[in-house]
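Beneath this line is the structure, given in structure tokens, with notes to follow.
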Amino acid sequence: MGRRISLTNVGRSFASLRMTYSKENLHIEISKTSDVFKKKTMSKILIIEDEPELVKVLRDYLEKANFDVSTAYRGDTGLSTWQHERPDLVLLDLNLPGMDGLDVAREIRRKGDTPIIMLTARVEETDQLIGLELGADDYVTKPFSPRVVVAKVRAVLRRSAAETSPTQVLRIADLEIDMDAYAVSKAGNPLDLTPTEFDILSTMAANPGRAFSRMRLLEATQGAAFEGYERTIDAHIKNLRAKLESDPKNPQYIETVFGIGYRFARQ
Ligand code: CA
């Protein structure tokens, strides 16, 4: 009773909190979803298309799929919108007033590497476009299903994200921590860690020698930390050491920092 509950770092990967409070018990349930995070980093899509009906349908579908959408109805205004807004992806019609879609694509390619999905009116057009090697990332032939467009948008964004962010692998002594795959191996042998153990280990291993308080490690695992729950970290550390260390009583990797918490030893 009377224990202070503090939430820190709320909003990063924190979605909902349910607390049941009785005389004997304080029960806290945290559901983690990545939706909050997704919303914060919503991808921005620019539609350059002169058919208002088509723009409307695409916008509706993309917004429902959680994209941030801007639109332009002409090639020239589309290009300036691209310059100002720097979207994550452009849906580009081929036949546009003001400036031809091909020229818009060339300009975008000349000045940046925004992924482009071309909207073409006929299959033959698509063939010609591929021949032109404009660097468009994909093509959709009209009439298309907006669902297919959304799927292609997602696929192209995934591909371009994979190209721009190289795999992050930490290698320390005989440990290999793959931040993207959530995988850890020791001397080439995969270790079976829980997601919480992985979060704790990777947080510390990214900064060898630095002492982490239990509270800070709790935050790393949940995105929100509750005072009074720091000791749960001790149990996770115990399990981690059992999996990681040759001799858990004399840890080589995870050291105790008395009065503070833990640190990953400099190797
Ligand atoms: Ca058109």
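Which of the numbered conditions does Asn95 fail, given that it passes all the others? Conditions: (1) within 16 Å of the ligand (Cβ to nearest atom); (2) more than 17 Å from Leu129 (Cβ to Cβ).
(2)
Residues are listed down the side, and each one gets a yes or a no for (1) more than 25 Å from the chain's Cα centre (by Cα); (2) basic (Lys, Arg); (3) part of a helix (DSSP H, G or I):
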{"site": "Glu63", "(1), (2), (3)": "no, no, yes"}
{"site": "Asp76", "(1), (2), (3)": "yes, no, yes"}
{"site": "Gln83", "(1), (2), (3)": "no, no, yes"}
{"site": "Met99", "(1), (2), (3)": "yes, no, no"}
{"site": "Leu102", "(1), (2), (3)": "yes, no, yes"}
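Could you count how many residues in the stretch 164-211 are in contact with a Lys or Arg (Cβ under 6 Å, 6 or more places away or on another chain), in contact (Cβ under 8 Å) with a residue 60 or more places away in the chain and over 15 Å from Leu240 (Cβ atoms)?
Of the residues in that region, 0 qualify.
Where residues in the stretch 113-134 are under 29 Å from the mean Cα position of the chain (by Cα) and more than 13 Å from the ligand (Cβ to nearest atom), which of them is modelled with the lowest pLDDT?
Out of the qualifying residues, it is Leu134.
If we keep just the residues of the stretch 98-107 that are acidic (Asp, Glu) and within 16 Å of the ligand (Cβ to nearest atom), which is farthest from Val55 (Cα to Cα)?
The residue in question is Asp103.
Can we say Val90 is under 17 Å from Tyr139 (Cβ atoms), modelled with pLDDT of 95 or more and outside any helix (DSSP H, G or I)?
Yes.
Does Asp76 meet the test of being at pLDDT 95 or above, touching a strand residue (DSSP E or B) at 6+ places or on another chain (Cβ under 8 Å), among the charged types (D, E, K, R) and within 16 Å of the ligand (Cβ to nearest atom)?
no
Could you grab me the full set of residues in the stretch 135-154 that are more than 22 Å from Asn95 (Cβ to Cβ) and either in contact with a Leu (Cβ under 8 Å, 6 or more places away or on another chain) or at pLDDT below 90 (or both)?
Selection gives Val150 alone.
Looking at Ile237, Ile233, Ile200, Ile177, can you tell me which residue is surrounded by 15 or more Cβ atoms within 10 Å (Cβ to Cβ) and touching a His at 6+ places or on another chain (Cβ under 7 Å)?
Just a single option satisfies the conditions, and that option is Ile200.
For the list (1) more than 14 Å from the ligand (Cβ to nearest atom); (2) over 15 Å from Val149 (Cα atoms); (3) touching a residue at least 24 places away in the same chain (Cβ under 8 Å), I need the number of the one condition that Arg110 fails.
(3)
Quick one: would you say Lys32 is crowded, with 16+ Cβ neighbours inside 10 Å, of a type outside the set (A, V, I, L, M) and at pLDDT below 90?
yes
The values are calculated or read from the model by the stated rules, or taken from the named source; none is laboratory data. Treat the numbers as computed from the prediction; the structure is a model and nothing was measured. Note: ideal-geometry Cβ built from the backbone for every residue, glycine included; neighbour counts use all protein chains shown.
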